[in-house]
């Protein structure tokens, strides 16, 4: 069976290259990358990796879907691109993921497919979320991974106390998992396969061991910047995020210093203390997967020398986060002067 991965990306080159090489090293026949910015410098680098299929999302690209300008909602772009690959590729299975999501396979995919009942049309792969038990490391991909606690609300309250209200079932990001769909009919949405766009969800089978490793923010600053970028989308944010995440963003925006607030909130939500770590581990909700992103790049694209240090990744994000935070402060000051006039 030939399987592949599709993602619509707008991330630094190190993350894009790591994402592509990781999945190719796992056995993907192809990785399909749609670059939201047509002139993204990462696109040219990705084109040099065997097995990567690059599409630049130009005006012509969106016109091929009948759009005179790019869709305003991120998820619309993602689903259009994902279903284009399903329609045009020779893959038997396609996983829809983001660039900060890495498939983890304790056992081969063939074993997951073999366990599926005959009526299941897609494989649901649960996600687990990266967090830290100690000081942030030098490596972008360090950390442990926690599972969601939607099925154990009392446990979520016991582990996270008042912070549980800022988490969605014990996770800072989403908890719906991702979809790997068989070739054929149906509409591949963000987290599931539907009969058609907006239609009923088709029968699924949940993976027993495969997981999506979600790096919800490669570094604390990257996480803060992601949240301020969401805030800049205005009302569209309501269609992208859960209520807990929107409340978190609101608190960051209201703070006197949004940049500092974002880093403090990240520390509160994503750093596990020894008691939390021990409880999650005892309950089977903490994972320590071994993934080797530099090794995957060395195997798949040995001609590329990538900096996977947190400091290197943070440099451009630190500048943009500070600039966006300062813009928010200026906007609040102008609004205060108007209200006081």
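Give me 19, 187, 65 sorted ascending by neighbouring Cβ count inside 10 Å, so fewest comes first.
Taking fewest neighbouring Cβ atoms as first place, the list is 65, 187, 19.
Could you tell me the relative contact order of segment 3-335? Use alpha-carbon pairs under 8 Å, at least six residues apart, and round to a whole percent.
On the way: 547 pairs, mean separation 72.3, N = 333.
Relative CO of segment 3-335 lands at 22 percent.
How far apart, in nm, are two points set 7 Å out from the Cα along the Cα-to-Cβ line at residue 87 and at residue 39?
So the label points at residue 87 and residue 39 sit 2.9 nm apart.
With the chain treated as a Gaussian network of Cα nodes joined by springs under 10 Å, which of 221, 245, 330 yields the largest mean-square fluctuation?
For the chain, modelled as a Gaussian network with Cα springs under 10 Å, the answer is 330.
Express in % the proportion of alpha carbon pairs of the chain at distances exceeding 32 Å.
Every Cα pair in the chain considered, those over 32 Å come to 31 percent.
Go ahead and set up a Gaussian network model of the chain, Cα springs under 10 Å, then flag whichever of 271, 56, 152 fluctuates most.
Of 271, 56, 152, the Gaussian network model singles out 152 as fluctuating most.
Quick check: Cα centre of segment 1-48 to Cα centre of segment 49-103, how many Å?
Measuring centre to centre over Cα atoms gives 11 Å.
Bear in mind these aren't lab numbers, they're just calculated from the coordinates by the rules spelled out. Predicted model only: the values in this text are computed from it and were never measured. Note: ideal-geometry Cβ built from the backbone for every residue, glycine included; neighbour counts use all protein chains shown.
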